[in-house]
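The values are calculated or read from the model by the stated rules, or taken from the named source; none is laboratory data. Owing to the predicted nature of the structure, the values given are computational and were not obtained by experimental measurement. Neighbour counts run over all protein chains shown; Cβ positions are idealised from the backbone, glycine included. What goes into the accessible areas is simple: the full protein's heavy atoms, side chains included, and nothing from ligands, DNA or RNA. Shrake-Rupley method; radii C 1.70, N 1.55, O 1.52, S 1.80 Å.
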Amino acid sequence: VQLQASGGGLVQAGGSLRLSCAASGRTFSSYSLGWFRQAPGKEREFVAAINWVGSSTYYTDSVKGRFTISRDNAKSTLYLQMNSLKSGDTAVYYCAARSNLVMRTNANEYAYWGQGTEVTVSS
């Protein structure tokens with residue numbers, strides 16, 4: 001599967017953005033998906049994950065209540081709705097897929113990655 005992330009940009013603190021990740025290839029619904037981010041000078045970190053059907057999600061503590069991960073299997077697209085953005089959310093955001101129905105938080109468990117989309121939150 002090939003992934004293409006989009007939707008990043010510059011936003012003021014407290015604002016919102018919605019990231020999208022379009023997938024090409026067959027059997028999108030058989031993949032569990034995740035969002036990760038990497039801030040300047042820091043390691044890539046887990047943000048959110050969703051299982052193959054969208055019935056189960058998981059978030060890192062710092063984004064709980066502010067971010068929502070979702071997927072539309074009919075459109076082969078993954079989303080990340082980000083609200084109440086903070087300067088600490090500034091990073092390049094990556095979508096990722098693993099050919100397994102169960103979601104994971106470890107980046108090493110994901111074999112397929114998008115190219116990243118940059119999010120900058122100004123304070």
Check your understanding: Which value, in debye to the nearest 20, gives the size of the charge dipole of the chain about its Cα centre, when Lys and Arg are +1 and Asp and Glu are -1 at the Cβ?
Key -> 160
Check your understanding: Can you tell which of Lys42, Lys86, Lys64 shows the greatest fluctuation in a Gaussian network model of the chain with Cα springs below 10 Å?
Key -> Lys42
Review point. Cα to Cα, under 17 Å, and not fewer than 8 places away if on the same chain: which aspartates and glutamates meet these conditions relative to Lys75?
Key: none
**Study point:** Relative contact order (%) - segment 9-123, alpha-carbon pairs under 8 angstrom, separation at least six
**Key:** 37
Exercise for review: At 1.4 Å probe size, with every protein chain present, just tell me what the per residue accessible area of the chain comes to in Å².
Suggested key: 51
Point to revise | Compactness of the chain as Cα Rg over 2.2 N^0.38 Å, two decimals | key: 0.97
Check your understanding: Semi-axes, largest first, in whole Å: what does sqrt of 5 times each Cα gyration tensor eigenvalue give for segment 41-109?
Key -> 20, 15, 11
Exercise for review: Determine the share of the chain's accessible area contributed by carbon and sulfur atoms, expressed in whole percent, with a 1.4 angstrom probe.
Suggested key: 44
Point to revise | Of all DSSP beta bridges in the chain, antiparallel share, percent nearest 5 | key: 90
Exercise for review: For Arg26 paired with Gln4, estimate the spin-label separation in nm (one decimal), with each label point 7 Å from Cα along the Cα-to-Cβ line.
Suggested key: 2.1
